[in-house]
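The values are calculated or read from the model by the stated rules, or taken from the named source; none is laboratory data. The model shown is predicted, which means the values in this text are computed figures rather than measured ones. Cβ sites come from the backbone with ideal geometry, for glycine too, and all protein chains shown count toward neighbours.
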Amino acid sequence: MQSQFDVLVVGAGPAGSAAAITAATRGLDVLLVDKATFPRDKTCGDGLTTGALRLLEQLGFPLDTIPSYTSVRECVIVTPNRRHVTLPLRGNGEYAGVVPRAELDNALAEHAARRGAVVRDGNGITSLEVHDEGPGEAIGAATGVVAELADGTPVAARWVIAADGHYSGVRHLLEPERPPELGDWSTFRQYFRGVDDRRLWVIFEPDLLPGYAWVFPLPDGRANVGFGMLRGEGRVGKLVKEKWNSLLERPSMREALGPGAEPDGPHRAWPVPTRLDPAALTRSRVLFVGDAAGVVDPMTGEGIAQALETGMLAAEAIRDGGTTEVVARRYRENVAKTLGHDLAFARFVQRVLARPWTAHVALRGVDLNDWTRRNFARWMFEDYPRAALLTPGRWHRALLAPSGAYRH
C-alpha cells in the first residue's frame, strides 16, 4: 500500500464513504480506514429519507444492489392521544426506504473502492500528528498529517476527514483531555420477525415526547423496532430498558407489530449527538463529519442524510484547495449554509413536540386534508430542507415539486 495520500478518511460509515467517494471522484488520492471489519452492524433505525436517497444517487450509488432495501410507500403517525394519521409517500421515484446498516455501510465502502479510494477495514489509526504550514507557506508533503494504522503502517496525508462517530477516536487523539460527549438522545433498537404490516410507523407516546417509537419494515416480515427519547435524570441504563419492555406492550405498538411478531436478535442502545458546534467542525487539518460533527437532526434523530452531506462538503472543501485556514473556513461556512438553518429549526420543532397537547395540535393540523398530509410527509422525510420556507435564498421553482430519488 502506498504511504502518501491527499486525504486520510477515518471511519467507513456513510459520512466517511461519502467523503472518500467524492474526493476520489475529483481526482484525489484517498485512503479510507475503519477499525471494524465489514460487513458490521451499526445500531441505527435503518431509515433513509428522501434527502438521504438523493445524496446516494448523487454519489452514483447503485441502490438496487442492496438485497434488503425496502421501499416505503406509506407512513402511519400515531399522535399522543392515539389518533392515526396516514401519510402517502408515492410518486415518481423513491421517497423513503429502510435498509440494515450492515448492508448499506458495506456496499458504500465497496462503492468507494470502485471509485478509486484505497479501503482498509479492520485497521483504524493509533496515533496522529498534525503539522501546519508556516505563514505564507503552501501545503506540501512536509506540512501535513502523519498517522499510524493499527497494523503499524505509517501513513502521511495532507488532510484527515474524521468520520469515526460520536465518540471520535480522532478527536480523542487530538484532544485527550476533552471529556466525551454523552449525546442528547438515548435510543433503543431491536429487530423483529413476523411483522405483517409493510407500512412505516412513527408512534408519539406521551412519556417519550419529544421522542417517539418506530416500526420500520424490512423484507420477509422483518422490521427494525425501537424508540428514542431525550437524555435526562433516570433516562439511561436500566430504566431505559424498562421503558422498552413497557413500550412493547402498549396498544399502538402491538397494532403496528401485529399478533405474530417476535424478537429477532438482541436489543441494543446507543447515544445520538444533535448539537452542531461550528467551532468543533475543524481542528487544523482535520475536518469532522457525520456523528463526529454532531449534525444529527434534533427533531427526528435522522443522521444518514446529514452524514452523507457533511462528508461530501468536507471532500469538496479540500478539493477546492487553499491554506489550512481557507479550507477549514470554507467547510465550516458550507456546513452552516447547507445545514445550519435546518438543524436550528428542527430544534425549535423538537420543543413544540415536547408537550402532549402541542404535539397533538400540531399533528392534528397535519391531518386536515390530502394536501397537508402529502406535504407534511415530504417535509418530514426531507424531500426539501427543513427550514426551506424560512430561507428565501434557497427558493427555486422546483423546490416544492421535485421528483423522488432513483426515478424511473
Residues that are touching a Lys or Arg at 6+ places or on another chain (Cβ under 6 Å) and more than 19 Å from GLY45 (Cβ to Cβ), drawn from the stretch 295-318: ALA317
Part of a loop (DSSP other than H, G, I, E, B), assigned by TED's automatic domain parsing to the domain that holds GLY122 and crowded, with 24+ Cβ neighbours inside 10 Å: is that true of ALA36 in this structure? no
Are any residues in the stretch 80-107 touching a strand residue (DSSP E or B) at 6+ places or on another chain (Cβ under 7 Å) and either closer than 23 Å to GLY11 by Cα or surrounded by 16 or more Cβ atoms within 10 Å (Cβ to Cβ) (or both), and if so, which ones? VAL85, LEU87, LEU89, GLY93, GLU94, ALA96, GLY97, VAL98, VAL99
Restricting the stretch 261-308 to residues that are part of a loop (DSSP other than H, G, I, E, B) and β-branched (Val, Ile, Thr), which is farthest from LEU218 (Cα to Cα)? VAL289
Which residue out of GLU74, GLU94 is closer than 30 Å to ALA359 by Cα and in contact with a Gly (Cβ under 8 Å, 6 or more places away or on another chain)? GLU94
Lone qualifier among GLU309, GLU325, GLU302 - being in contact with a Leu (Cβ under 7 Å, 6 or more places away or on another chain) and either touching a residue at least 40 places away in the same chain (Cβ under 8 Å) or over 19 Å from VAL10 (Cα atoms) (or both): GLU309
Residue under question is LEU343, and the condition is that it be part of a helix (DSSP H, G or I) and at pLDDT below 90; does it hold? no
Quick one: would you say ALA162 is touching a Pro at 6+ places or on another chain (Cβ under 9 Å) and under 17 Å from ALA19 (Cβ atoms)? no
Just to be sure I understand, how many residues within the stretch 278-301 are among the charged types (D, E, K, R), out of contact with any strand residue (DSSP E or B) (no Cβ under 7 Å at 6 or more places or on another chain) and over 21 Å from THR187 (Cβ atoms)? 1
Out of (1) of a type outside the set (D, E, K, R); (2) assigned to a helix (DSSP H, G or I); (3) touching a helix residue (DSSP H, G or I) at 6+ places or on another chain (Cβ under 6 Å); (4) touching a residue at least 60 places away in the same chain (Cβ under 8 Å), the odd one out for HIS360 is which? (3)
Can you tell which of VAL145, VAL202, VAL225 is in the same structural domain as ASP291 (by TED's automatic domain parsing), surrounded by 15 or more Cβ atoms within 10 Å (Cβ to Cβ) and among the β-branched types (Val, Ile, Thr)? VAL145
Residue check, GLU110 free of Cβ contacts under 8 Å to residues at least 24 places away in the same chain, surrounded by fewer than 21 Cβ atoms within 10 Å (Cβ to Cβ) and either touching a strand residue (DSSP E or B) at 6+ places or on another chain (Cβ under 6 Å) or in the same structural domain as ARG254 (by TED's automatic domain parsing) (or both): no
Based on what the data block shows, is ALA354 surrounded by 18 or more Cβ atoms within 10 Å (Cβ to Cβ) and either without any contact (Cβ under 8 Å) to a residue 60 or more places away in the chain or of a type outside the set (Ser, Thr, Tyr) (or both)? no
Can you tell me how many residues in the stretch 62-121 are hydroxyl-bearing (Ser, Thr, Tyr) and more than 16 Å from ALA256 (Cβ to Cβ)? 5
So LEU28, is it modelled with pLDDT of 95 or more and part of a loop (DSSP other than H, G, I, E, B): yes
